[in-house]
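The values are calculated or read from the model by the stated rules, or taken from the named source; none is laboratory data. Note that the structure is a prediction, hence the values are computed from the model and not measured. When we count neighbours, we look across all protein chains shown, and the Cβ atoms used for this are built from the backbone with ideal geometry, even at glycine. What goes into the accessible areas is simple: the full protein's heavy atoms, side chains included, and nothing from ligands, DNA or RNA. Shrake-Rupley method; radii C 1.70, N 1.55, O 1.52, S 1.80 Å.
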Amino acid sequence: MWLYLVLLAVTVATMIILNRCSRQAATSQFVAATGDTLNVAIEYSPLSLYMYDDTLGGFNHDLLALIQIRAARPVKMHPIVNLKQSLELLDDGTFDIVAAQLPSTTDFKNKYLFSDSIYIDRQVLVQKRDSLGNVAIRSQLDVAGRTLYVVDGSPVVTRIRNFAREIGDTINIVTERRYGQEQLFLMVNSGEIEFAVVNEKLATTMAKRYPDIDVSTAVSFNQFQSWVLKKDNHQLADSLNRWLSDVRASSAYKELYKRYF
């Protein structure tokens, strides 16, 4: 029962924070800007977007601030947890860009346009150590027959299915529609689920606060992480890549990258 109470508290807290982030993000003005507003779905996580007291931060959040200066266009952020829903809203034109931890895989490239690489990351297994510090899964081969929780809509599902075929065994995949990567990490820590697959940079950041969690087992190779646009929005994709290129050449970007990575 206490596990459910803890998870309920986490869920309520997340909803409150997202609501506050939504209100603050909707009114945030990094600089005076002209032109059409860019509506960006931004993943709520310790790496991408977070709130500390009344201050918003995160790598994607701060990078969008730099891009708004270069683009001279206002950026309106929409914090998200549900990846699949954000991609559906991208498809219907509600969002212009989805700024989340998304690897530019072949399957996704058939459906969407990807920006130039934002950074390099990979997916890792999140599991809990026992009282002696041991873990149940020490290598990818040990994943056979296990049940892994993954955020619904994540391209890592394809990677896991391909790996199951490679080893000739079954890997059960549960796609979670309600929660994002951060919540899956916390569900492993609370003991509600055994294993989750999330991005390594996020997992490493969170593991610093949860010493009983192991994130050392990689589930994929290093992959370019990019932002996503509609398949036919080539004009915005070209502009975004130009802005990213300009930002990367700045000293402000070097300081930003060093701060988070």
Query raised in the report: In the range 174-261, carbon and sulfur make up what percent of the accessible area (probe 1.4 Å)?
Result: 49 percent
Report summary line: Calculating mean projected area of the Cα convex hull in nm² from this structure picks out, from (1) 15.4; (2) 16.3; (3) 14.3, entry (3)
Query - Karplus-derived HN-Hα couplings along the range 97-106 (A = 6.51, B = -1.76, C = 1.60, θ = phi - 60°), whole Hz, x at Gly and Pro - result: 9, 10, 9, 9, 7, 10, x, 7, 7, 4
Query raised in the report: residue 102's amide H: which non-local residues (gap 5+, or another chain) put their own amide H closer than 5 Å, with H modeled 1.01 Å from N in plane and none for Pro or chain starts?
Result: 226
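Student exercise: in the range 107-247, how many lysine pairs 8 or more apart or on different chains have Cα atoms under 14 Å apart?
Lysine pairs, 8 or more places apart or on different chains, close enough: 5.
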Query - Under the span-like rule (Cα at least 27 Å along the axis, Kyte-Doolittle mean at least 0.5), DSSP H helices of the chain - result: 2-27
Query raised in the report: Simple spin-label model, 7 Å along Cα-to-Cβ: residue 241 to residue 110 in nm?
Result: 2.2 nm
Query - Estimated inter-spin distance, residue 231 and residue 84, nm [label 7 Å along Cα→Cβ] - result: 1.9 nm
Query raised in the report: Residues of the chain: accessible area per residue at 1.4 Å, in Å²?
Result: 49 Å²
Report summary line: In nanometres, the difference between 0.36 nm per residue of separation and the alpha-carbon distance of residue 252 and residue 119 is 46.3 nm
Report summary line: Here, residue 170 and residue 210, labelled 7 Å along Cα→Cβ, have an inter-label distance in nm of 2.7 nm
**Report entry** For the chain, size of Cβ-based charge dipole, Lys and Arg +1, Asp and Glu -1, in debye
**Finding:** 300 debye
Query raised in the report: Around residue 130, with a cut-off of 14 angstrom between Cβ atoms, what is the net charge of the other residues, counting Lys and Arg +1 and Asp and Glu -1?
Result: 0
